[in-house]
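Below is one structure, written out as structure tokens; comments come after it.
Quick note: the coordinates plus some simple rules give every number you see, no bench work behind them. A quick note: this is a predicted structure, and the numbers were derived from the prediction, not measured. Every residue, glycine among them, receives a Cβ derived from its backbone with ideal geometry; neighbour counts consider all protein chains shown.
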Amino acid sequence: MKNEHITFHRGKVSRNDRFSVLGQKGVAVWMTGLSASGKSTIAVETEKILIGMGKAVYRIDGDNLRHGLNSDLGFSEKDRFENIRRAAEVCALFVDAGLIVLASFISPLASMRSLAREKTGDSFIEVYVKADVETCCKRDPKGLYKKARAGEIPDFTGVTAPYEVPPSPDLVLDTERYSIEDCARILADKILQFSALK
């Protein structure tokens with residue numbers, strides 16, 4: 001519940017002023033998909049490409065946020081929603097500052113992704129990083145699927161908790177068909193079009 005004594009303090013610099021200084025529009029690139037689908041790896045490569053082009057970019061990773069800002073949250077549905085809410089608020093601030101934000105979050109439910117989109121409005125690109133459960137199990141770089149199937153990790157997306165595939169994402173990156181490098185180039189091109197000042 002919001003405190004009635006708190007007032008939002010507006011400045012004298014607009015979002016467009018900040019965009020003009022950076023020579024780009026701020027944009028939240030929300031990457032959703034199963035664990036081990038390739039979200040974080042693609043984000044790392046895309047960040048490198050865009051920084052190399054002189055773009056102002058910041059990468060926000062779900063696991064990284066759970067080391068700090070979201071370290072108090074677990075993996076219940078309630079905590080997952082709060083995890084996404086906080087991440088989306090951070091993304092919205094970065095977008096307002098004019099940055100390209102690469103956000104990698106499983107965000108398994110459509111309602112979670114709708115919440116994230118709501119925070120940034122028309123500055124949001126939903127990217128579905130596609131790989132089926134069996135492919136992700138074979139990759140399993142952290143050994144999480146093995147533990148989940150052994151009953152050691154409850155509420156694990158794709159095994160004991162659902163993942164709702166986005167019905168109409170802005171971009172699909174199929175990591176079963178394309179390399180990480182190819183996916184990163186495709187994503188970078190999409191971002192450059194979306195973040196270009198008119």
For the range 17-193, what value does the Rg/Rh ratio take when both radii are computed over Cα atoms and Rh is the Kirkwood radius, given to two decimals? 0.96
Among SER107, ALA56, ILE186, pick out the residue whose Cα is farthest towards the positive end of the charge dipole of the chain, where Lys and Arg carry +1 and Asp and Glu carry -1 on C-beta, about the Cα centre. ALA56
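Taking the Cα centre of the chain as origin and charging only Cβ (+1 Lys, Arg; -1 Asp, Glu), how large is the dipole, in debye to the nearest 20? Could the numbers behind the result be given before it?
Details: 29 positive and 27 negative charges, 94 e Å.
Computed charge dipole of the chain: roughly 440 debye.
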Amide H of GLY98: which non-local residues (sequence gap of 5 or more, or other chain) have their own amide H closer than 5 Å, using H built in the peptide plane? GLY26
Extension length gain for HIS67 and ARG86 (0.36 nm per residue less Cα distance), in nm, is 5.5 nm
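One-quarter of the Cα convex hull surface for the range 57-155, in nm²? Please report the intermediate quantities before stating the final value.
Numbers: hull surface 27.5 nm².
Approximately 6.9 nm², given one-decimal rounding.
Show that you can apply the helix-only estimate: for the chain, add -39,500 (n - 2.57) for every DSSP H stretch of four or more residues, divide by all residues, and state [θ] at 222 nm to the nearest 500.
On the way: 8 runs with 86 residues, N = 198.
About -13000 deg cm²/dmol.
So between TYR178 and GLU152, what do we pick up on full extension, going 0.36 nm a residue minus the alpha carbon distance? Don't skip to the answer; put the middle values down first.
On the way: separation 26, 0.36 × 26 = 9.36 nm, distance 3.19 nm.
Length difference between fully extended and current span is 6.2 nm.
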Estimated vicinal HN-Hα couplings, Hz - the range 47-53 in sequence order (Karplus 6.51, -1.76, 1.60; Gly, Pro = x): 4, 4, 4, 5, 4, x, 9
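For a footprinting-style exposure proxy, rank ARG117, ARG10, ARG86 by other Cβ within 10 Å, fewest first.
Working: ARG117 18, ARG10 7, ARG86 14.
Taking fewest neighbouring Cβ atoms as first place, the list is ARG10, ARG86, ARG117.
Relative contact order (percent) for the chain, with alpha-carbon contacts under 8 angstrom and 6 or more residues of separation? Could you put the intermediate results ahead of the total?
Numbers: 302 pairs, mean separation 66.3, N = 198.
Once divided by the residue count of the chain, the mean separation gives 33 percent.
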With θ set to phi - 60°, apply the Karplus curve 6.51 cos²θ - 1.76 cosθ + 1.60 along the range 161-178 and write out the HN-Hα couplings as whole Hz, x wherever there is a Gly or Pro. 9, x, 10, 8, 5, x, x, 8, x, 6, 7, 10, 10, 8, 7, 7, 9, 10
Identify which of LEU65, LEU34, LEU109 has the largest mean-square fluctuation in a Gaussian network model of the chain, with springs joining Cα atoms closer than 10 Å. LEU65
For the range 105-113, Karplus-derived ³J(HN,Hα) couplings (6.51, -1.76, 1.60; θ = phi - 60°; whole Hz; x for glycine and proline) come out as 9, 3, 5, x, 9, 4, 5, 5, 5
